[in-house]
Amino acid sequence: MDDLADLVSLMPWWAGVAAALGFYLVLHTLAQPGAAAVVAKPADVTQAVAHSLGRSAATIGQYLLPFICLVGAAMSAFKQHERRKLVTQVTQSASADALNGMSWQQFERLVGEAFRLQGFNVQETGRGGPDGGVDLVLRRSGEKHLVQCKQWKAYKVGVDVVRELYGVMAAQGAAGGFVVTSGHFSREAEAFAEGRNVRLVDGLQLQGLIRQVERARKEACAVRGAANVRGASAAMPLPPAPQAQLQQKPATATPPCPACAKPMLRRTARKGANAGREFWGCEAYPACKGVRSV
């Protein structure tokens, strides 16, 4: 029961409600009494008993499984509310230490929500398992990215953490990776990530990223709301919103930076394991080190 509730909580809350409805409809149909079985030989006794037990299980399950799914849906809704609350807390805070007052669970949820706001499909893996230090798995446009979260308040994230994630990326065939911390990175870690498809995001960059994507989301919502109001009062079609125009640009054009959404430039790696290979690099480099595969 606990495992099923946890599994449902990883899905959107509306998916949990839909699963509860589906379980009830299927099991309620199976729980309906049928015609009495005719026992003509010993083998029919076993079949009749199995049928009776199955109907009894369906009778109980038609209420139990939907209840578990609804519990999971409530957990999912609570997590979503908490993530939105954390984003609001960071965007409204003027202090650079806004991330340090969080627990590591809250920090991980905040990082996940930051990537959700950028259009990633986020899977939380949890901690303590044999996952190679990966806390989040991101998917977008058929590409897989791995994220490792480090809420270290007093220490810099060293190169060993970046090497570990890079090794897991190679083993799992990930297109890119992110190491996100509330603190800072050592020079060795930054040097190792240079030229590789590993993006280092410190506390200040994370706060700036969250504020930027949240502001863009609110502007897009305001544009859609204004379009709906105007469309209800007049039949004249509205021009497409600027955000919609950005989304309609072909993927073959200059892509946006996955970290700061600025335009990217086609570059060639000069050193490291990827020397000689082309990649997309953020035009704001070295202030932003966002990269994409060509």
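The values are calculated or read from the model by the stated rules, or taken from the named source; none is laboratory data. Because the structure is predicted, anything quoted here is derived from the model rather than measured. Reconstructed Cβ throughout: ideal geometry from the backbone, glycine too, with neighbour counts over all protein chains shown. To get the accessible areas, we keep the full protein, side chains included, count just its heavy atoms, and leave off ligands, DNA and RNA. Shrake-Rupley method; radii C 1.70, N 1.55, O 1.52, S 1.80 Å.
To keep it simple, each residue is scored yes or no on (1) assigned to a loop (DSSP other than H, G, I, E, B); (2) at pLDDT below 90; (3) surrounded by fewer than 17 Cβ atoms within 10 Å (Cβ to Cβ).
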residue: R139; (1), (2), (3): no, no, yes
residue: L146; (1), (2), (3): no, no, no
residue: A154; (1), (2), (3): yes, yes, yes
residue: E190; (1), (2), (3): no, no, no
residue: L200; (1), (2), (3): no, no, no
residue: Q207; (1), (2), (3): no, yes, no
residue: V213; (1), (2), (3): no, yes, no
residue: A216; (1), (2), (3): no, yes, yes
residue: A222; (1), (2), (3): no, yes, yes
- prompt: Only one of (1) at pLDDT 80 or above; (2) among the aliphatic types (A, V, I, L, M); (3) surrounded by 11 or more Cβ atoms within 10 Å (Cβ to Cβ); (4) out of contact with any Pro (no Cβ under 6 Å at 6 or more places or on another chain) fails for M11. Which number is that?
  reply: (1)
- request: For residues that are in a loop (DSSP other than H, G, I, E, B) and loosely packed, with under 14 Cβ neighbours inside 10 Å, scanning just the range 251-271, find the one that is modelled with the highest pLDDT.
  value: T254
- request: Filter the range 172-182 down to residues that are open to solvent by 10 Å² or more (accessible area, probe 1.4 Å) and either part of a loop (DSSP other than H, G, I, E, B) or at pLDDT 90 or above (or both), then give me how many there are.
  value: 5
message: Quick check on V122: is it surrounded by 15 or more Cβ atoms within 10 Å (Cβ to Cβ), at pLDDT 85 or above, under 19 Å from the mean Cα position of the chain (by Cα) and assigned to a loop (DSSP other than H, G, I, E, B)?
response: no
statement: All-but-one check, A19 against (1) open to solvent by less than 100 Å² (accessible area, probe 1.4 Å); (2) at pLDDT below 85, failing number (2)
- prompt: Quick one: is S76 modelled with pLDDT under 80 and either surrounded by fewer than 18 Cβ atoms within 10 Å (Cβ to Cβ) or over 30 Å from Q205 (Cα atoms) (or both)?
  reply: no
